[in-house]
Number of protein chains: 2
Amino acid sequence: MRKPKIVILGAGYGGLLTTVRLQKMMGFNEAEIVLVNKNNYHYETTWLHEASAGTLHHDKVRYDIHHVLDSSKVHFIQDTVMEINKDEKKVILEKGEVEYDYLVIALGGEPETFGIKGLKEYALGITNVNSARQIREHIEYQFAVYQMEEEKNDNRLSIVVGGAGFTGIEFLGELTQRIPKLCQEYDIDQQKVRIICVEAAPTALPGFDPELVNYAVSQLQRRGVEFLIGTAIKEATPEGILVAKGDEEPWEIKASTVVWAAGVRGNSIIEKSGIEAMRGRVKVQPDLRVPGFEDVFVIGDCSLIINEENNRPFPPTAQIAMQQGEVTARNIIALIRNMPQLETFKFDSKGTICSLGDDDAIGVVFGKKLTGMAASIMKKAVDNRALFMIGGTSLVLKKGKFNLF
Amino acid sequence: MRKPKIVILGAGYGGLLTTVRLQKMMGFNEAEIVLVNKNNYHYETTWLHEASAGTLHHDKVRYDIHHVLDSSKVHFIQDTVMEINKDEKKVILEKGEVEYDYLVIALGGEPETFGIKGLKEYALGITNVNSARQIREHIEYQFAVYQMEEEKNDNRLSIVVGGAGFTGIEFLGELTQRIPKLCQEYDIDQQKVRIICVEAAPTALPGFDPELVNYAVSQLQRRGVEFLIGTAIKEATPEGILVAKGDEEPWEIKASTVVWAAGVRGNSIIEKSGIEAMRGRVKVQPDLRVPGFEDVFVIGDCSLIINEENNRPFPPTAQIAMQQGEVTARNIIALIRNMPQLETFKFDSKGTICSLGDDDAIGVVFGKKLTGMAASIMKKAVDNRALFMIGGTSLVLKKGKFNLF
C-alpha cells in the first residue's frame, strides 16, 4: 500500500514546527513527509529587526534546516513554490513539482504597501535575511558616502521608519543603538542624524496597553526618535516621502533611507492558486483546514482566525504560528490514522513583548505588565523558547540569546 | 625678540616626521611650531588599499595626531588649507589664516585622472580614510543589493581596478582575500564575481623586476583576477567603463564598482598659490626649498626630484617623504641657527615591497629579490618602521602589524 504523502510548504515557525512534530510522532512507514523551502535555512522573522539595524549578525538569525530535520523521515526540497493545483493535488515549483495527499501551506507573509505610490520602488522592507542585509548595508553606505561628499547632504543621515506597530517600534529600538556606533565608525556628528517614525493610526502600537505605549514612545524619543503619529505616508520618492495628517496638503520629508514596517499580508501564492482569501489570508476552519478542501491546511501568516473577544483577526505572530503547527501535526496524524475527529485550534496567548533595544522592552506576560530590563530578559527567554520548540536544547545552545544583562 | 614661526602644512609621512623631528631637536624658546592638518588624525596612505578592500579596519590605519605631538612645543590647528600667500608669508585656511617665517608644504597628492571622461564622477579612489571607507561599503552594498534583486544583475559583482601599478596591485591582493568572505556573508557563488584589472602600460608594475612582476600577476590570476594589459580606460560611465587597445574601437566592460588606482599628482593648492609646478609637483632645490623662495620647503607627493640614475622623477612614496622630512627639519634648524650651509637631500632607497595580500608579496630589499611569505614579513616590518620613525615604540605597539604568519 502506498504511504500517504504529506507536503509542507515553508520552513518558517509554523511549517518547521509542523514538520518536526510530524517526524517525532509518526512511524517510519506511516507517511512520506516532504518539506519545501526556498532557502536551506530557517530564519527568525521576529529577530529580523536586529539584523536589519545591524545590531545582530544575520547568521545569528538563521540556521540550517537540516540541523532540525531527521533525514530518514523527512525529504527536504530546496525550491520556490510557484502555484498550488488543488484539483490535481500537486504543487508547482520553480524547478519541478510535487504531489501530495495532505498539504500544509505555511508560506509566510509579504509586505503590504496598501497601494501607496513608490513604496515598492523606494522603500526597504524587514522581510527576510536578504532584505535585512540590504537595510543594514544601505544605511551604512549612506554614512560612508556622506563623508566623501564635498557638499554634505544631511538627508543621507535621515532614516524614515513607516509604521509604529510592533516591527517598526522594535526596529527603532535597535536603530537607536546602532546609530551611535555608525557615527563613531564614520566620524559623523550624531546631531546630524534624524530618525523619523511615521504612523497613520492615532497611536503607536495600536492594541497595546496605553501606559506601555507611553513608556515605549518616550524611551525612543529620549534616544532621539521623532514621532509623527496620526500621519500617513502618501508617497515614497527617490528623495524621501510625502506625508499628510488627514486631508491636509502633503509635505515632504527628505531621507535617503525609508524602511516600510507597517503592513503584512498573506502570501500571493494563495490568490494565484485560486484559494479564497482576504489580502492573502485564508479564513480557515476551526481544525485549520481550508473550507471545502479536506486535505489542505493553512497556518501562520496566510491563515486568518477571528479572536472572539474583540471580533478581530489575531495578528500574525510566531506564537500563533507555532501553536497552529502543533495542532496541524496532530490533525494530519488523526486523518491518516482515521481517527473520528479533528482537534479545534484555540490560541493560548502567553503574552506579547515588544523589544526596545538590547536592554529595554515593554510587554504583557501572563497578564502582568512589564517594562525595562525585566521585559527585556523575558523577551530573550521567549526568543529562546521558539528555538527550543523547534530544535530542542542543542539549537538553543547554538543560537540562543544569553546576553541577558 | 620674536620667536621664528615654522608652519607645517599636512600631517602625512613627510609633514609629521618634520614636525616630530623639529619638536625633538629644538629648544622651548627657539621657535614656534605650528602643524596644520584637515583631520585630527594621521593615516597610513600605504595601508589604504587594505582599508579599501575591507581587510583592515580603517581605525587601524590611522591614529590621533596628538598621540605623537608634544603640545608644549607644537601648536596643532585642525583646518583645511585653501591657498598659500608667499608674498605676505601667510596661509589662508578655511576658518582663518596663519603667518609663517618658515613654511613646509607637505600636503600630499591627489588622484590624477588624466582627463579621462567620467572617472571623477563614476570611479572611486584609494585616496584617504573617507574614500577607503566608501570603497569598502560600496562593494559590500552591491553584494547586499544583488541578493534582493528579482532579476539578478551580475555586473553588481564585477569590480574594475584601473591601473596595475603599485596601488592597483596591492589593492587586488587584498580584494582577492576579501571576496571569498563577502561571498560567504551574502550567500553568493564566487564564480559570479569578476575582478578585472585594466592597465594602459605594456606591463603590470612598470619599473619592477620582470621576474617579480610575473610572479605577482600569476599569483593574482590564480586567485581569479583578469588582467587587460596594454589596454586603456577611455571613459567611465554609470554602468562601467569603455576600454581600448591602441586605436581600436572601444568596447564596454560592465561593472558596478570601478576603482581608479592609476595616477597620483601633486596638490592643487600648489598651482592655486602660483607656485611653478608640473602636475602639482614642484621641482625643488637640492636643499628641498622652492626655487626663489628661501623660506618655503616642499616635500612628499608635492615635490619632484630627479633620479640621476635614470633621469626620471623618483615616484612619490612614504619612504622618500620621510627622508625628506628628516632633512627639512635639519635645514630649518640650520636657517634659524644661522648655520653656513643647508644639507643636500639624497634619496637612500632601502628597497620596495609590493604586498599581494596578507601572506604574499614581492620586493627588492637591500638589492635582494624576495617573493611570498618572506617578502610579506618584510613588508610588515617596513610598515612598522614608519610608525617607529614618527611615534617611537609606543606607536608601534599600538598600531603595528604583528600577524606575521
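Data overview
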quantity: DSSP-loop trypsin sites (Lys or Arg not before Pro) across segment B:326-405, with at most 13 other Cβ within 10 angstrom; calculated: B:R337, B:K346, B:K350
quantity: Label point distance in nm, B:Q221-B:E30, each placed 7 Å from Cα along Cα→Cβ; calculated: 5.6
quantity: Sorted by Cβ density within 10 Å, fewest first, the residues B:Y13, A:Y186; calculated: A:Y186, B:Y13
quantity: Spin-label model distance (nm) - A:S394 vs A:N39, 7 Å beyond Cα toward Cβ; calculated: 2.2
quantity: Set of aspartates and glutamates near B:K73 by C-alpha distance (under 14 Å), chain-local residues within fewer than 8 positions excluded; calculated: B:E30, B:E32
quantity: Principal axis dimensions, largest first and in whole angstrom, of segment B:33-144 by Cα; calculated: 51, 36, 22
quantity: Segment B:201-285: GluC sites (Glu not before Pro) in DSSP coil with no more than 15 other Cβ atoms inside 10 Å; calculated: B:E239, B:E248, B:E276
quantity: Backbone N under 17 Å from the B:K120 label point (7 Å along Cα→Cβ), restricted to segment A:142-169; calculated: A:148-152
quantity: Length added when fully stretched, B:E271-B:Q190, from 0.36 nm per residue minus Cα-Cα; calculated: 24.6 nm
quantity: Cβ-placed point charges (K, R +1; D, E -1), dipole of segment A:119-262 about Cα centre in debye, nearest 20; calculated: 340
quantity: Inter-centroid distance (Cα atoms) of segment A:312-336 relative to segment A:252-269, Å; calculated: 28
quantity: FRET efficiency for B:K152 and A:T344, using Cβ-Cβ distance with R0 set to 56 Å, rounded to 0.05; calculated: 0.80
quantity: Dimensionless Rg over Rh [the protein assembly as shown; C-alpha; Kirkwood]; calculated: 1.06
quantity: Highest-MSF residue in chain A out of A:K86, A:K38, A:K95 [GNM, Cα springs under 10 Å]; calculated: A:K95
quantity: Cleavage-rule hits, GluC sites (Glu not before Pro), segment B:26-132, DSSP coil, Cβ neighbours within 10 Å at most 11; calculated: B:E88, B:E94
quantity: Label point 7 Å beyond Cα along the C-beta direction, distances from B:M25 to other copies (nm, shortest first); calculated: 8.7
quantity: Nearest beta-carbon to the B/A symmetry axis - residue in chain B, distance in Å; calculated: B:Y141, 2
quantity: Square roots of 5 times each gyration tensor eigenvalue, C-alpha, chain A, largest first, Å; calculated: 39, 22, 21
quantity: Label geometry 7 Å along the beta-carbon vector: A:P210 inter-copy distances in nm; calculated: 8.7
quantity: Chain lengthening between A:K234 and A:E252 when straightened (0.36 nm per residue, less Cα-Cα); calculated: 5.5 nm
quantity: Part-to-part distance (alpha-carbon centres) for segment A:177-215 and segment B:98-173, which is given in Å; calculated: 33
quantity: Length-normalised contact order for chain B - Cα pairs under 8 Å, 6+ apart - percent; calculated: 18
quantity: Sequence-distant lysines (8 or more away, or on other chains) whose Cα lies within less than 18 Å of B:K181; calculated: A:K60, B:K192
quantity: J(HN,Hα) series, segment B:191-205, from Karplus relation 6.51 cos²θ - 1.76 cosθ + 1.60, nearest Hz, glycine and proline x; calculated: 4, 7, 8, 10, 10, 10, 10, 10, 9, 6, 5, x, 8, 6, 6
quantity: Percentage of interatomic Cα-Cα distances in segment A:119-262 larger than 23 Å; calculated: 33
quantity: Residues with amide H under 5 Å from that of B:A204, placed H, sequence gap 5 or more; calculated: none
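Every number here is computed from the coordinates shown, using simple stated rules; none is lab data. Remember, predicted model here, so these are calculated numbers, not experimental data. Here Cβ is always computed from backbone atoms with ideal geometry, including for glycine, and neighbour counts include all displayed protein chains.
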